[in-house]
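The values are calculated or read from the model by the stated rules, or taken from the named source; none is laboratory data. What you are looking at is a predicted structure, and each value in this text was computed from that prediction instead of being measured. Heads up, the Cβs are rebuilt from the backbone with ideal geometry, glycines too, and the neighbour counts pull from every protein chain shown.
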Amino acid sequence: MENNIQTAEKNSRKKILLEAKNLVKEFPAGRNKGKSLVVHAISHVDLTLYEGETLALVGESGCGKSTLGRVLIRLLEATSGQICFDGKNIVEMNESAFSPYRKQMQIIFQDPYASLNPRMSVKQIIEEPLVTYGMRDKKEREMRVKALMKEVGIAEEFYNRYPHQFSGGQRQRIGIARAIALNPKLIICDEPVSALDVSIQSQVLNLLKDLQERYRLTYLFISHDLSVVKFIANRVCVMFLGCICEIGPTESLYEHPLHPYTRFLLNAIPKADPKLRSQEKELLSGELPSPINPPPGCRFHTRCPYARDICSQQAPCRKEINGREVFCHFPLED
Amino acid sequence: MKDKNEPNISAQIGEADTWLDKGKTLIRQNKLAALSALIILLIILAAVFAPVVAPYDHLQQSLTDRLKDPSAAHLLGTDELGRDVLSRIIFGARISLTIGLVPTLISMAIGTILGLFAGFYGGKTDFAIMRLADVMLAFPSLLLAMVVMYTMGGGLINIFIALSLVNWASTARIVRAQTLSLKEKEFVEAAKSVGVKKHVIMFRHILPNCLPSLIVLFTLNIPSAILSEASLSFLGIGAQPPSASWGLMAVRGKKYLFSEPWLSIAPSVAIMIVVLAFNFLGDGLRDVLDPYLKEQ
Amino acid sequence: MNEQLLQANSNAHEANTELVLDIRNLKSHFFTAKGVVPAVDGVSIQVPPGKIIGIVGESGCGKSMTAMSVMGLLRYPGKIVGGSIILSGKEITHIRPKELAKIRGNEISMIFQEPMTSLNPVYPIGHQVREAILLHQKISKEEAKNRVIDIFRAVGIPEPQKRYYSFPHQLSGGLRQRVMIGMAMVCRPKVMIADEPTTALDVTIEAQILRLMKKLCEEQGTSIILITHNMGVVAEICDYVYVMYAGKVMEQAETFTLFEKNSHPYTQGLLKSIPKLDEKTDRLYTIDGVVPNLLHLPEGCSFCTRCSQAQKRCFSEKPYLYETGQNHGVRCFQYESGVHLDGK
């Protein structure tokens, strides 16, 4: 517990890199009986990213974690709310004012097959951000591209090859090289290893960790794989249906989940140890509610075995327990 | 159901097919398409080297040799002015191929650009361009070409213009559909995330990925242009004498259809062979290059 | 351990239990423009009744191809070029398509990773499952409908009467996979092949589906071949595991043995490289290199280029599958003293 307080203090002393306040993102979802429907992808989310940390966003598909990542770097425009990067609100900036900030935030995608243009060579792919940000000198660019390739572990002689000549893991490395080309401060890693083979996953995870140390990068690591998150993240933010369930330092969150949903998630992971299987574990029943008509009150109450009346009426407020944040009326006790 | 679950072999061996491999696959899987490609190549060579290949000059008249039956000297006989039919067909390939290639290229360029803009920008741009395309597609194209030809007069250049104007709509539709799906791809998102300008995304990221479909579409559009030219010439508003257009030759042989049938049959067969060859090649290329187009 | 005893042991294992599915030395090759791809290269898999057999491996290791070969779904340019597949005592390797269709769904069935592609979007799911029943059994439509509702209940679909009329797109991924499992189970097949059945699902749903499969296996005695890349899934429900790499079985063992006494350097590396929930490390163990191109496999052991324990002969000679313990085989020269299991 002392530990938690210490980390909380450390967090407050750390420099804030990005802060989202009351962020909302809605997508139009067609019409029904004359009423236009919206998907509530992100509902009033507050999130803080400290410089040099890895914050993991976890949750099941449809919980809005990828959307949140994209909204934070303005690949998607927020419906309402504020995003402050280095103290400046970037939501209302126009394209030219935002341009220097865009350079600071990059993204690594999930699918290494779809994220590289099949008709561009490795050189063209990696140098594209450099060209866009005005590196005119050809020699200089070539040197930079080759240095980047070396950095991510792709041999220089593949300079002129095309993506289809590489395996999934190598392509992901190329995608990483492109993301770090402009020396960004923040990188959104959108499920960067979930499409890779097990033996390749660990290579890429190690690479991401090395790069973070070397360049003091801040990662927002989006993933559904809690074991990967355990390895790479300092803090974890659990999301459910567009809302945050809880945020806390990795160790304590995994040991003592405060939100029932977190506990079920942790329970559900198949563990690579057959000895653990005999323990009859509690499983979550039911399916994800629709984000078009999210349940009132706490969004998790329809699946939560501990739900009481208040849960279906009133959305839970933020509670702080031992320096951790949780959004639940009845947080779990150890 | 099975197609989706069928494992992708190229992904499995870690290498995608190169153009060379695709060529090999084409030859192995579709002998007809390979043969068609060979025929087209021969016809192109014959057209380019027509003065060398043709036994006679195609314009040289010889009234003593009028309407000769096919013989060793004149393999396909001679026409009413004593010109060698075979030579005229070989020279005629020049016109037919130019008509097939040039207007198709122009119309496809127009269609590609309009389709790209419609798909990429969407909204009102998309609406305006696509409704125009719908109108074009709803209007009988030959009739439209005829209107153009009547108002501007006959001749090759005007055929080019007429055919270019009527054929862009189908290309625009296909390019738009592809752009719509390509612009959702992660590599386009990646380009956006590094601040690449819109027109660069359009022409550097999206257009090259439409290329396989465009190649297929190109081979399939050529025969329709050749046929349109033949029809226009047949109606007397296309190529003008004495040029050796196949359509024109067919119509001039009409008078002698019962006495000297080769005058009409030979150019018609030439048209048929070229059109069939391009169609077979297009089908074959589509199977190899472009599973997307196949589904449409 | 005594070699003869071992042999006797393994013989007993083979003789006493009637195998439902016996794949022997199966070879399926793909004849591509670039050359022959040995996707499945001499794979032997034994499936006793009522067991869950896991096949694990990375992409391109041939695990799905093995399943496709068994189901007779291999298509041009792929072809079974050797070995035999024996389903409850009957050779089905080169059986005619008509007879194969009778066996498929009746005695052996398969479910896929993405259930949406296997369901027809224009028919209600109930009708599709009913058709599957009517195809194999002579009962009235009304009876068949009741059977479908029973099945839906058995695979845990809520409100089965109402869901009978739902269309595939109205269901979530988890429910669709339940429908697929229900459809695969209608005729109580002896073997069900599940190809990455939970890969497209969320963890909470994955856990539900795994529990369902385990339940069906125990209650109905259906054997399941579970194809996956996830060691966690294997540990969770499999009884026996085959680890595949580049078209060959690298190690085979009972699940507990595999996780405790794994012997092949590949298995060891694979297990070590997975991040663990109960450990805190700064760096993960990695297997160097990339998954090999099946067109250019090394001359010797297919894993030699990535193996940390490779010796000189590994690069020139191909190891056999050696027996190292009861029902435990390893394809590595380190265990050469064991009996060859290949081609038996």
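Got a number for residues in region A:114-123 being more than 8 Å from chain B (Cβ to nearest Cβ) and surrounded by fewer than 24 Cβ atoms within 10 Å (Cβ to Cβ)? Reasoning before the result, please.
Initial filter on region A:114-123 (more than 8 Å from chain B (Cβ to nearest Cβ)): A:121-123.
Then drop every residue that is not surrounded by fewer than 24 Cβ atoms within 10 Å (Cβ to Cβ), which leaves A:121, A:123.
Within region A:114-123, residues that are more than 8 Å from chain B (Cβ to nearest Cβ) and surrounded by fewer than 24 Cβ atoms within 10 Å (Cβ to Cβ) number 2.
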field: Residues that are free of Cβ contacts under 8 Å to residues at least 40 places away in the same chain, among the charged types (D, E, K, R) and within 16 Å of A:ASP210 (Cα to Cα), drawn from region A:140-189
entry: A:LYS150, A:ARG173
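Each row is one residue, and each column tells you yes or no for (1) surrounded by 19 or more Cβ atoms within 10 Å (Cβ to Cβ); (2) outside the structural domain of C:GLN177 (by TED's automatic domain parsing); (3) within 20 Å of C:ASP195 (Cα to Cα).
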| site | (1), (2), (3) |
| --- | --- |
| C:LEU74 | yes, yes, yes |
| C:PRO77 | no, yes, no |
| C:LEU87 | yes, yes, yes |
| C:GLU91 | no, yes, no |
| C:ILE95 | no, yes, no |
| C:LYS98 | no, yes, no |
| C:PRO124 | no, no, no |
| C:ARG130 | yes, no, no |
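Listed here are the residues, each with its yes/no results for (1) buried (at least 24 other Cβ atoms within 10 Å of the Cβ); (2) touching a Ser or Thr at 6+ places or on another chain (Cβ under 6 Å); (3) not in a helix (DSSP H, G or I).
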position: B:LYS192; (1), (2), (3): no, no, no
position: B:GLY195; (1), (2), (3): no, yes, yes
position: B:HIS205; (1), (2), (3): no, no, no
position: B:PRO208; (1), (2), (3): no, no, no
position: B:LEU211; (1), (2), (3): no, no, no
position: B:ILE215; (1), (2), (3): no, no, no
position: B:LEU220; (1), (2), (3): no, no, no
position: B:ALA225; (1), (2), (3): yes, yes, no
position: B:SER231; (1), (2), (3): no, no, no
field: region A:307-334 - residue that is over 27 Å from the mean Cα position of the chain (by Cα) and not in a loop (DSSP other than H, G, I, E, B) and, of those, nearest to A:GLU246 (Cα to Cα)
entry: A:CYS311
message: I'd like to know if region A:82-99 contains one or more residues that are surrounded by fewer than 17 Cβ atoms within 10 Å (Cβ to Cβ), charged (D, E, K, R) and facing chain B (nearest Cβ under 10 Å).
response: yes
- prompt: Here are A:LEU76, A:LEU49: which of them is crowded, with 18+ Cβ neighbours inside 10 Å, without any contact (Cβ under 8 Å) to a residue 60 or more places away in the chain and not in a helix (DSSP H, G or I)?
  reply: A:LEU76
message: Within region B:253-275, take every residue that is surrounded by fewer than 18 Cβ atoms within 10 Å (Cβ to Cβ) and over 21 Å from B:LEU38 (Cα atoms) and give me the one that is farthest from the chain's Cα centre (by Cα).
response: B:SER259
message: It is to be established whether one or more residues within region A:285-300 are more than 11 Å from chain C (Cβ to nearest Cβ), farther than 23 Å from A:LYS25 by Cα and at pLDDT below 90.
response: no
- prompt: Across region C:107-166, what is the total count of residues that are among the polar types (S, T, N, Q), outside any helix (DSSP H, G or I) and out of contact with any strand residue (DSSP E or B) (no Cβ under 8 Å at 6 or more places or on another chain)?
  reply: 4
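Conditions (1) within 21 Å of C:GLY83 (Cα to Cα); (2) in the same structural domain as C:ALA33 (by TED's automatic domain parsing), marked per residue:
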{"site": "C:CYS304", "(1), (2)": "no, yes"}
{"site": "C:LEU321", "(1), (2)": "yes, yes"}
{"site": "C:HIS328", "(1), (2)": "no, yes"}
{"site": "C:LEU341", "(1), (2)": "yes, no"}
task: Would you be able to say whether some residue in region A:201-211 is touching a Lys or Arg at 6+ places or on another chain (Cβ under 8 Å), surrounded by fewer than 22 Cβ atoms within 10 Å (Cβ to Cβ) and more than 14 Å from chain C (Cβ to nearest Cβ)?
output: no
C:LEU175 vs. criteria within 14 Å of another protein chain (Cβ to nearest Cβ), under 23 Å from the mean Cα position of the chain (by Cα) and at pLDDT 85 or above: yes
query: List the pairs whose first member sits in region A:298-317 and is closer than 15 Å to A:PRO331 by Cα and among the small types (Gly, Ala, Ser), whose second member is surrounded by fewer than 14 Cβ atoms within 10 Å (Cβ to Cβ) and modelled with pLDDT under 90, and whose Cβ atoms are under 9 Å apart, counting only residues at least 6 apart or on separate chains?
result: A:ALA315/A:PRO296
- request: Report whether or not C:GLN220 is away from every other protein chain (no Cβ under 12 Å), over 23 Å from C:THR267 (Cβ atoms) and over 14 Å from the mean Cα position of the chain (by Cα).
  value: yes
- request: Determine which single condition C:THR199 fails, assuming it passes every other condition in (1) among the hydroxyl-bearing types (Ser, Thr, Tyr); (2) in contact (Cβ under 8 Å) with a residue 60 or more places away in the chain; (3) part of a helix (DSSP H, G or I).
  value: (3)
- request: Could you grab me the full set of residues in region C:63-73 that are in contact (Cβ under 8 Å) with a residue 40 or more places away in the chain and more than 9 Å from every other protein chain (Cβ to nearest Cβ)?
  value: C:LYS63, C:THR66, C:ALA67, C:SER69, C:VAL70, C:MET71
message: Against the condition assigned to a helix (DSSP H, G or I) and more than 28 Å from C:ASN293 (Cβ to Cβ), how does A:GLU151 come out, does it pass?
response: no
- prompt: Of the residues in region A:164-197, how many are at the interface with chain B (Cβ under 10 Å from one of its Cβ atoms), buried (at least 22 other Cβ atoms within 10 Å of the Cβ) and of a type in the set (A, V, I, L, M)?
  reply: 3
- prompt: Can you spot a residue in region A:132-148 that is within 14 Å of another protein chain (Cβ to nearest Cβ), more than 25 Å from the chain's Cα centre (by Cα) and under 29 Å from A:THR48 (Cα atoms)?
  reply: yes
- prompt: For the subset of region C:197-216 comprising residues that are within 14 Å of chain A (Cβ to nearest Cβ) and closer than 22 Å to C:ILE103 by Cα, which member is surrounded by the most Cβ atoms within 10 Å (Cβ to Cβ)?
  reply: C:PRO197
task: State the number of residues belonging to region C:234-279 that are more than 10 Å from chain A (Cβ to nearest Cβ) and among the basic types (Lys, Arg).
output: 2
message: more than 19 Å from the chain's Cα centre (by Cα) and not aliphatic (A, V, I, L, M): which single residue out of B:THR171, B:THR179, B:THR219 fits that description?
response: B:THR179
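Only residues that are of a type in the set (Lys, Arg), closer than 26 Å to B:ILE159 by Cα and assigned to a helix (DSSP H, G or I): list them for region B:81-133, please.
B:ARG88, B:ARG94, B:ARG131
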query: Of all residues in region C:283-336 being without any contact (Cβ under 8 Å) to a residue 12 or more places away in the chain and not in a loop (DSSP other than H, G, I, E, B), which is nearest to the other protein chains (Cβ to nearest Cβ)?
result: C:HIS296
task: Give region A:212-260 a look and list any residue that's within 20 Å of A:ILE16 (Cα to Cα) and free of Cβ contacts under 8 Å to residues at least 12 places away in the same chain, or say none.
output: A:GLU213, A:ARG214
- prompt: Just checking, how many residues over region C:74-113 are within 10 Å of chain B (Cβ to nearest Cβ) and more than 14 Å from the chain's Cα centre (by Cα)?
  reply: 5
